[in-house]
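S.K.: Got a structure for you, questions after.
Nothing in this text is a laboratory measurement; each read-out follows from the coordinates by a stated rule. Just so you know, these numbers come straight off a predicted model, no measurement behind them. Every residue, glycine as well, gets a Cβ built from its backbone with ideal geometry; the counts of neighbours run over all protein chains shown.
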Amino acid sequence: MTTLVPLTVAVPLVAAAAIAAFGRLSPAWIDNLAATAVAATVTVLATILLVASARHDTIHWFSGWTPRHSVAIGIAFTVDPIGAGLAALAGALMTAAFIFSWGYFEEVAHLYYTMMLIFLGALAGFALTGDLFNLFVFFELMSVSAYALTGYRISQPGVLQGAINFAVTNTIGAYMVALGIALVYGRTGALNMAQAGEALAGKRVDGLVIAALVLLTVGFLIKAGAVPFHFWLSDAYAVAPAPVGVLLTGIMSDLGLHAIARVYWDVFSGATVGHAGAVRGLLVGVGLLTALVGGVMSLLQSDLKRLLAFVTISHGGIFLVGIGLLEARGLAGASLYVVADGALKGAFFLAVAVAVIRLGSSDELRLHGRGKHRRYLGLGLLFAVCGLGLAALPPFGPFLSKSLIEEAARSAGYGFAVPLVTLATVLTGAAVLRATGRIFLGLGPRREPLLSAQPDEPEKGEPEAEKSRRTRIVLLLPAVALLVIGLGVSLAPGIAALAVQEAARFQDRAGYANEVLRGQLPPLPPLVPHVYAAAARRAPASARPAPPLLAAGPLRAGPKARRRPNGVAHRRDRRLCGLDLRRRCRLQRRLGRAPALARPVDDPKLLDEGEEGLCVRRFHGARANLVPVHLLAHRPGHLDDALVIELVLPQRGQLGHEYVLEGHHLHRYRVHVQLLGALEDRALDRLARRLEDQVDQKVSIERLVEPALRRFLRPEAGSRQHTQRALRVRLPQHQVDVVHRLGAAARPHREPAAEKKRHLGVTQQARDLLQRLEQPVEGRFVLRHG
């Protein structure tokens with residue numbers, strides 16, 4: 001299977017060289033047929049790699065130079081589902097572009113097919129490589145091809161200006177990326193992303209590392225056309241030929257954002273653990289600004305190609321929001337969004353090209369009412385469905401992706417981003433639907449002062465007699481095929497759960513380094529079925545899971561609550577589910593209801609780990625640093641004497657390594673469930689200092705400062721010597737072994753047995769902590785049968 005990895009990149013590059021050498025000797029239709037077959041082959045190969053990498057990455061080391069002693073000495077291609085999906089999307093878009101070229105061009109030089117295949121090969125190499133320098137080389141090879149293809153029709157006015165703007169701006173971004181890679185190499189001595197991430201993980205973040213991260217991020221943002229670096233994108237897309245525009249708007253702009261996610265998680269995530277909040281805020285802020293600016297500007301365009309360029313900018317901002325949230329669901333939503341949205345934008349770009357051929361212009365004001373004849377009904381329907389899809393309306397393809405991004409935003413405390421993302425999609429969809437109504441229904445005025453009118457630049461060498469011949473089925477077929485792909489992404493069974501699982505694996509830096517450098521396969525993250533938030537709200541009360549504060553047991557209803565009808569009580573419970581912990585507790589006190597205490601468990605034998613009877617439950621916490629201890633001690637109804645041996649920390653690595661305490665004896669500890677059951681709500685764990693061990697891939701808690709948490713830790717009784725037994729921790733996107741390493745000031749507090757069942761002092765501390773809670777997050781905890 002690994003032999004298919006280099007073939008995915010080599011096949012289009014070898015075919016490009018063959019066409020460049022022998023294209024002059026063959027007719028143009030043979031070159032086109034060969035190029036179409038090569039693009040289809042790349043699509044099939046990338047799809048096979050996508051399926052093969054579903055459970056673990058497919059790694060190919062060139063010339064057999066595998067790592068020695070966890071040091072990469074060769075060049076590797078590492079195939080993950082996200083990268084393979086990008087390569088498959090590129091192959092599909094290229095196949096559609098070649099099919100469209102049969103009817104679009106009257107005459108085309110063989111170098112056109114050469115440059116297109118070089119573009120495809122470089123894009124596949126960019127998506128599959130595991131090396132920083134090769135990432136840069138493939139991106140630049142793809143960019144050079146794009147510059148030439150954008151200026152393909154050099155005789156038309158404006159083409160040279162758009163191509164030069166494209167080249168100059170992206171060259172600045174390329175210099176920044178190259179300098180950032182040089183800084184990473186200077187600091188780590190490695191270009192392999194896994195090894196560079198290993199070298200930076202757990203070390204103090206200095207100015208050199210921050211400069212490298214900033215240079216790489218800004219360089220890739222320039223190439224992605226994010227605000228304020230978006231000015232080149234509209235100029236280039238407006239003058240590119242239709243087959244080239246499909247690739248530019250469909251996937252090339254999104255590759256810069258994929259590079260940001262790849263470089264951050266594989267190289268910098270271990271080093272910037274304590275600065276994740278700052279990284280999240282910057283990326284989400286730039287993404288929201290890009291989405292809104294692109295949406296507003298798309299409404300102000302009359303030229304359909306420039307309109308689509310600003311739609312691309314706006315949706316690129318939404319992708320950046322999903323990536324910047326640093327959540328598995330956000331990354332999964334962004335990945336699915338790229339596929340669905342790329343196919344829809346490609347379909348719309350081809351539909352615009354057909355409208356230019358048949359109607360004579362790409363300006364919606366000049367085309368006012370020209371498409372009202374019924375022979376243009378199919379083209380009008382294509383415009384309308386593309387507009388609805390780009391607006392992310394259910395059940396169209398991007399809706400599922402947008403839903404995942406919105407859920408991740410709420411979970412990360414960025415709930416304000418949800419209406420802004422929705423506004424951006426509505427603006428872009430409205431711009432496309434407005435143009436559809438003006439062209440094919442004659443709606444709106446013929447003159448619009450707010451729209452930026454563009455000089456009419458009709459296609460040269462396209463006489464009226466040729467237009468009817470070129471609008472045969474071959475022009476509409478690729479657009480319809482891409483439309484079906486874009487709309488059908490969300491209909492694949494279980495696609496959301498699989499995307500979240502693969503996104504969690506993509507974010508697992510330690511697992512990726514183990515797999516690449518040591519050949520150790522990391523465990524798969526849990527597969528959690530996805531449920532639309534709106535569907536969950538509409539579900540009957542009996543079908544919904546109990547509210548977090550109600551899950552530990554029934555609540556005692558006060559006198560007022562007893563007099564209320566059942567329907568009122570159900571509505572009240574639904575309102576309480578969506579509130580944060582502080583407001584929920586305040587309202588419950590007013591209603592005369594209080595959360596029930598968890599049932600304590602006395603049998604210490606049940607603390608032993610077991611591999612059967614796993615029960616995963618969710619909680620809705622007030623902050624990322626709090627754990628729902630009253631739920632941890634709750635016994636599930638379907639298990640006998642089950643209790644918690646696995647604790648979930650909602651977020652990992654929020655603090656740096658500078659708090660590590662050295663020279664202390666290593667102990668193994670467990671959570672004492674009786675003490676956990678004494679708390680009514682939560683216990684603090686944010687002040688625990690955590691560090692990821694580079695060798696054993698374990699998360700170490702170096703110092704526990706909060707006394708409330710120290711009381712929950714006690715040595716495991718009866719543990720055998722030389723037996724490594726640790727508390728299992730399941731993060732929302734990652735599972736690791738936790739080792740508690742305590743200093744002298746943080747040793748566990750031992751108390752008499754009579755006082756273990758009730759800790760009023762600790763309970764009071766937890767109540768005091770509730771007064772400082774602000775914004776909710778989501779996490780999960782695990783119960784396992786002993």
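S.K.: Which order do the peptides 346-359, 474-487 come out in when sorted by mean C-beta neighbours inside 10 angstrom, highest first?
M.R.: Numbers: 346-359: 25.4, 474-487: 20.9.
Highest-to-lowest ranking by the protection proxy: 346-359, 474-487.
S.K.: Using only alpha carbon pairs under 8 Å that are at least six residues apart, calculate the relative contact order of the range 171-283 and give it in whole percent. Let's see the in-between values first.
M.R.: On the way: 106 pairs, mean separation 39.8, N = 113.
Reported as a whole number, the value is 35 percent.
S.K.: If you wrap a convex hull around the C-alpha atoms of the range 187-262 and split its volume per residue, what is the figure in Å³?
M.R.: Spelled out: Cα convex hull of the range 187-262, divided by residues, is 104 Å³.
S.K.: Sticking with this structure for a sec: Strictly greater than 26 Å: what percent of every Cα pair in the range 1-119 meets that?
M.R.: Counting every Cα pair in the range 1-119, those more than 26 Å apart make up 30 percent.
S.K.: Another question, then. Over 20 Å between Cα atoms: which of LYS223/LYS402; LYS345/LYS402; LYS305/LYS402 fall into that group?
M.R.: In this structure, LYS223/LYS402; LYS305/LYS402 exceed 20 Å between Cα atoms.
S.K.: On to the next question. Report the label-to-label distance for LEU521 and ILE210 in nanometres (one decimal), using points 7 Å from each Cα along the Cα→Cβ vector.
M.R.: 4.2
S.K.: In whole angstrom, note down how far apart the Cα centers of the range 188-228 and the range 20-79 are.
M.R.: A separation of 26 Å, based on Cα centres.
S.K.: In whole Å, what three semi-axes, largest first, describe the equivalent ellipsoid of the range 103-148 built from its Cα gyration tensor (square root of 5 times each eigenvalue)?
M.R.: 26, 9, 6
S.K.: Further, regarding this structure: Per-residue counts of other Cβ atoms within 10 Å, averaged by peptide: what ranking do you get for 139-145, 103-109, highest first?
M.R.: Top of the packing list down: 139-145, 103-109.
S.K.: Could you check the simple spin-label distance between LEU289 and ARG24, using points 7 Å along Cα→Cβ, in nm with one decimal?
M.R.: In this crude spin-label approximation the distance works out to 5.1 nm.
S.K.: OK, next. Averaging over every viewing direction, what projected area does the convex hull of the Cα atoms of the range 207-339 cover, in nm²?
M.R.: 7.8
S.K.: Oh, and also: No solvent, one uniform scatterer per C-alpha: report log10 I(q)/I(0) for the range 132-518 via the Debye equation at q = 0.11 1/Å, two decimals.
M.R.: -0.76
S.K.: Let me ask another. Can you list the HN-Hα couplings for the range 175-180, worked out from phi with the Karplus curve (6.51, -1.76, 1.60; θ = phi - 60°), rounded to whole Hz and with x for Gly and Pro?
M.R.: So the J values, rounded to whole Hz, are 4, 5, 5, 4, 5, x.
S.K.: Still on this structure, I have one more. Report the Cα centroid-to-centroid distance between the range 381-432 and the range 480-500 in angstrom, as an integer.
M.R.: Result: 15 Å between the Cα centres.
S.K.: Right, here's the next one. In what sequence, highest mean first, do 6-15, 276-285, 398-407 appear when ranked by Cβ atoms within 10 angstrom?
M.R.: 398-407, 6-15, 276-285
S.K.: Relative contact order (percent) for the range 132-518, with alpha-carbon contacts under 8 angstrom and 6 or more residues of separation?
M.R.: The value is 19 percent.
S.K.: Subtracting the Cα-Cα distance from 0.36 nm times the residue separation, let me have the gained length for GLU106 to HIS373 in nm, one decimal.
M.R.: 93.5 nm
S.K.: Okay, moving on. Apply the Karplus curve 6.51 cos²θ - 1.76 cosθ + 1.60, θ = phi - 60°, to the phi angles in the range 203-211 and return the couplings in whole Hz, x for Gly and Pro.
M.R.: 9, 5, 7, 10, x, 5, 5, 5, 5
S.K.: With labels modelled as points extended 7 Å from the Cα through the Cβ direction, what inter-label distance (nm, one decimal) is found for HIS56 paired with LEU491?
M.R.: Spacing of the two 7 Å Cα→Cβ label points: 3.6 nm.
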